[in-house]
Amino acid sequence: MDYRQILEFIVSNSSLLFTYTDENPLKTKFNKKGFFFSHEAEQKYSLIKNKPHIYFAWSESSKDIYIGKSFQKGGRWKRGHSYHLGTLAYHLLNNLKPYDQNHQHWIDKWMCVETFKEVSETDFEIFLKNKILITFLPFEMYHSIDPDKLTKKEIKKINKEQEEKLIFFFQENGFSLLNIQLNRNLNNSI
């Protein structure tokens with residue numbers, strides 16, 4: 001796999017991650033169920049969410065990036081779930097469940113917490129430090145076998161291996177990984 005080509009794909013196929021308000025891409029809104037995808041991200045996600053893929057959520061002006069994998073129907077960007085869009089809101093609303101992943105470091109890197117504001121009984125807003133983008137990488141770009149011809153176990157293994165290789169590539173190229181667990185594991189194995 002040509003990682004430089006993957007990096008070019010990520011940049012040229014990115015969308016704003018969050019919906020924004022007042023024509024300001026740095027001002028985003030959310031509710032008790034979670035944040036909302038931007039319209040463009042929602043459209044791109046709807047095409048890939050039921051297929052295995054790798055995704056990249058990153059800050060446009062800094063080198064903070066999260067690399068994740070998905071192989072389950074509906075993907076990992078569901079509102080109101082213990083996945084990213086829901087968990088970010090739960091952190092800000094101090095409403096985390098015991099099984100939610102820790103996303104505080106995403107908030108610290110991406111959001112101006114002092115701007116967090118309740119705008120109604122159910123709606124909230126916050127300013128971002130930079131534009132936050134997302135890119136979905138189709139399975140076919142990092143593996144030559146059609147995923148429909150693979151078992152779930154094989155897909156999970158391929159996704160895990162590719163995620164780790166991509167994390168290593170981005171670390172080697174000066175990015176700050178928001179993947180705490182894998183970041184720690186890779187640093188210990190080097």
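For segment 7-59, GluC sites (Glu not before Pro) meeting the loop criterion (DSSP other than H, G, I, E, B) and having at most 11 other Cβ atoms within 10 Å: Glu23. Counting only DSSP H runs of at least 4 residues, each contributing -39500 (n - 2.57), and dividing by the residue count of the chain, the helix-based mean residue ellipticity at 222 nm comes to -10500 deg cm²/dmol. Quick one: angle between helix 39-48 and the longest Cα principal axis of the chain, in degrees between 0 and 90, rounded to 10, please. Tilt of helix 39-48: around 30 degrees. Packing here is the average count of other Cβ atoms within 10 Å per residue, and on that basis the peptides 120-126, 167-173, highest first, run 167-173, 120-126. So, in nm, how far is label Val11 from label Ile107 when the simple model puts each one 7 Å beyond its Cα toward the Cβ? Taking the simple label geometry, Val11 and Ile107 are separated by 3.2 nm. First compute the accessible area of the chain with a 1.4 Å probe, then give the percent of it belonging to carbon and sulfur atoms. Within the chain, the accessible surface is 49 percent carbon and sulfur. For the chain, the solvent-accessible area of protein heavy atoms averages 53 Å² per residue (probe radius 1.4 Å; ligands and nucleic acids excluded). Globularity index of the chain is 1.02 (Cα radius of gyration / 2.2 N^0.38 Å, N = number of residues). Centroid-to-centroid, using Cα positions, segment 1-67 and segment 68-127 are 14 Å apart. Within the straight-line cut-off of under 15 Å between alpha carbons, the aspartates and glutamates reachable from Lys33 are Asp100, Glu118, Glu121, Asp123, Glu125, sequence neighbours fewer than 8 places apart in one chain being disregarded.
The values are calculated or read from the model by the stated rules, or taken from the named source; none is laboratory data. As the structure is a prediction and not an experimental result, all values here were calculated from the model. As a convention, Cβ positions derive from the backbone with ideal geometry for all residues, glycine included, and neighbour counts pool all protein chains shown. The area values use the complete protein model at the heavy-atom level, side chains included, leaving out ligands, DNA and RNA. Shrake-Rupley method; radii C 1.70, N 1.55, O 1.52, S 1.80 Å.
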